[in-house]
Amino acid sequence: MNKFKNACFFILAKLLTTFSPSPSYMAFAGAGSARQLCQHIHRSGFRRILVVTDKPLRDLGIVDQALAGFADTDVDVAFYDGVEPDPTFAQGAEGVAEQKRHNSEAVLAIGGGSSIDCAKLIAASATSTDDPKTWIGLGKVKHDTLPLFVIPTTAGTGSEATMGAVISDPTTHEKGVLSGVGMHVEAAALDPELQLGLPPSITAATGMDALTHAVESYICRWERGTSRSSARQAIPMIFANLRRACQQGDDVEAREAMVMAAYYAGISINQVNVGNVHAIAHQLGGKYGIPHGLANAMVLPHALDFCLAEAEAPLAELADLVGASQDGQTSAQKARAFIDAVVQLRDDVGISPVSDKIKAEDYDYLVDLAVTEATGYFSPRLLTNDGALTVLRKITA
């Protein structure tokens, strides 16, 4: 039955993308690009901006640094800084209330994936009377939203390049994905200067998140647009720079490479979506609050093991791409070498391969949700109950 559902979903996705307009991508990149984005927003005629962020970023002064480009302009800024990890529909409603009070014309997200996803929810909710919970699913946000701009302060989620947002239900602990062309970002600023103070642990987790996006899109059964070429740009950049970014947090060159890699990876998943890793990792975040990047980093090598035979060829290509293969190796040996390289990178940046938060008594619940979610993805091998259970056992402390 799951195979039938997956096949139907694949056909539906192809039909929807055939008749949907292709998103355009605009990004200002490099040191000082946040200032350039602010100037672009002003030049575009927007004068009342709702900034969506979290309180710690405001307290650290990073938000003020990002908004410096509005200095000496007539732009009026209001703030919604109630975003927390794994944003909820309630947070979206709070943001809309502030948008209505301020009469904001556009939304500017400053922060990590949670702030960006919450900003997307706010931008979509501000122009509709629908219950946002009815938008969960592929392409269900069909109306025009408020213009959305983004300044990411982590290099990982890729949400600055996608038309989706992950929103959590605090009661059921389940995560739902809202998507639609109207939720695509108008323009982003990929400014490494805003990430120089990022702690190594966050740098590592978000970097592995970006790697997961790029790898899942590269081995996906659906090759579409620039999904593979964008992933091929992202993956070697991550292998070459994530260790440096973690060890030398003030290395602007490494930070810039990582923020670009996350953006390329975001472009990839925006075209073909994610896969089995996310199907499992989303449940770990929803049930236990495990940060998404950490969950992905734990699950990734085991999910690749699960589809090793089906994804052998692309995994072997990735081994060559990152220098993990050796002359004379077979395709299967190269594929295994790439998985080993992923494990080594995860270990080198200090991410634990297991978590003591995961409980064996929750396995049935987690497996059911993961397998159900995976039917909507185009992984090389459809996730099974046994496969998901094997992964969970391997990452349980």
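Report note on the peptides 385-391, 236-242: ranked by the mean count of other C-beta atoms within 10 Å, highest first, their order is 236-242, 385-391. Pairs from the table (334/359; 5/140; 175/394; 142/175; 142/287) lying more than 27 angstrom apart at Cα are 334/359; 142/287. Counting every other Cβ atom within 10 Å of each residue's Cβ, 351, 151 order from fewest to most as 351, 151.
Taking amide H atoms as placed 1.01 Å from N in the peptide plane, the amide H of residue 190 lies under 5 Å from those of 28, 29, 30, each 5 or more residues away in sequence or on another chain.
A full extension of the chain between residue 4 and residue 226 corresponds to an added length of 77.2 nm, given 0.36 nm per residue minus the alpha carbon distance. What the phi angles of region 307-318 give under the Karplus curve with 6.51, -1.76 and 1.60, with θ = phi - 60°, is a coupling list of 10, 4, 5, 6, 9, 4, 4, x, 5, 5, 4, 5 Hz, glycine and proline written as x. Close amide H contacts of residue 358 (hydrogens built in the peptide plane, cut-off under 5 Å, sequence separation of 5 or more or a different chain): 397. For the pair residue 196 and residue 384, the difference between a 0.36 nm per residue extended length and the Cα-Cα distance amounts to 63.6 nm. Against the chain, whose longest principal axis is taken from its Cα atoms, helix 89-102 shows a tilt of about 20°.
This ranking places 43, 346 by how few other beta-carbon atoms lie within 10 Å of each, fewest first, which gives 43, 346.
For region 324-335, putting each phi into the Karplus relation 6.51 cos²θ - 1.76 cosθ + 1.60 with θ = phi - 60° gives couplings of 8, 9, 10, 4, x, 6, 6, 4, 5, 5, 5, 4 Hz, in residue order, rounded to whole numbers and with x for Gly and Pro. Straight-line cross-link reach from residue 14 at under 12 Å between alpha-carbon atoms covers these aspartates and glutamates, not counting any fewer than eight positions away in the same chain: 223.
For region 21-195, the relative contact order works out to 28 percent when only alpha carbon pairs closer than 8 Å and six or more residues apart are counted.
For region 21-195, dividing the convex hull volume of the Cα atoms by the residue count gives 106 Å³ per residue. Using C-alpha pairs under 8 Å with a sequence gap of at least 6, the mean separation divided by the residue count of region 200-395 gives a relative contact order of 27 percent.
Most tightly packed first, judged by the mean number of other beta-carbon atoms within 10 Å of their residues, the peptides 172-181, 220-229 read 172-181, 220-229.
Put simply, the amide H of residue 164, placed in the peptide plane, has no neighbours under 5 Å, leaving out anything fewer than 5 places away on its chain. Label points 7 Å out from Cα along the Cβ direction at residue 354 and residue 77: separation in nm? Going from the residue 354 label point to the residue 77 one covers 4.6 nm.
Whole-Hz Karplus values for region 365-375 come out as 4, 5, 4, 4, 5, 5, 5, 5, 5, 5, 5 Hz, taken residue by residue from phi with 6.51 cos²θ - 1.76 cosθ + 1.60 and θ = phi - 60°; glycine and proline positions read x. Going from the fewest other Cβ atoms within 10 Å to the most, the residues 8, 307 appear in the order 8, 307.
According to the square roots a ≥ b ≥ c of the eigenvalues of the Cα gyration tensor, what is the shape class of the chain, taking rounded for a/c under 1.5, prolate for a/b larger than b/c otherwise, and oblate for the remainder? Here the chain falls in the prolate category. Applying 0.36 nm per residue to the separation of residue 343 and residue 42 and subtracting their alpha-carbon distance, the gain on full extension is 103.9 nm. Based on C-alpha pairs under 8 angstrom that are at least 6 apart in sequence, the chain has a relative contact order of 15 percent. Centre-to-centre separation between the Cα atoms of region 209-246 and those of region 133-149: 26 Å.
Throughout, read-outs are computed from the coordinates displayed, never taken from laboratory work. Only a predicted model underlies this, so the values are computations on that prediction, with no experimental measurement involved. Neighbour counts run over all protein chains shown; Cβ positions are idealised from the backbone, glycine included.
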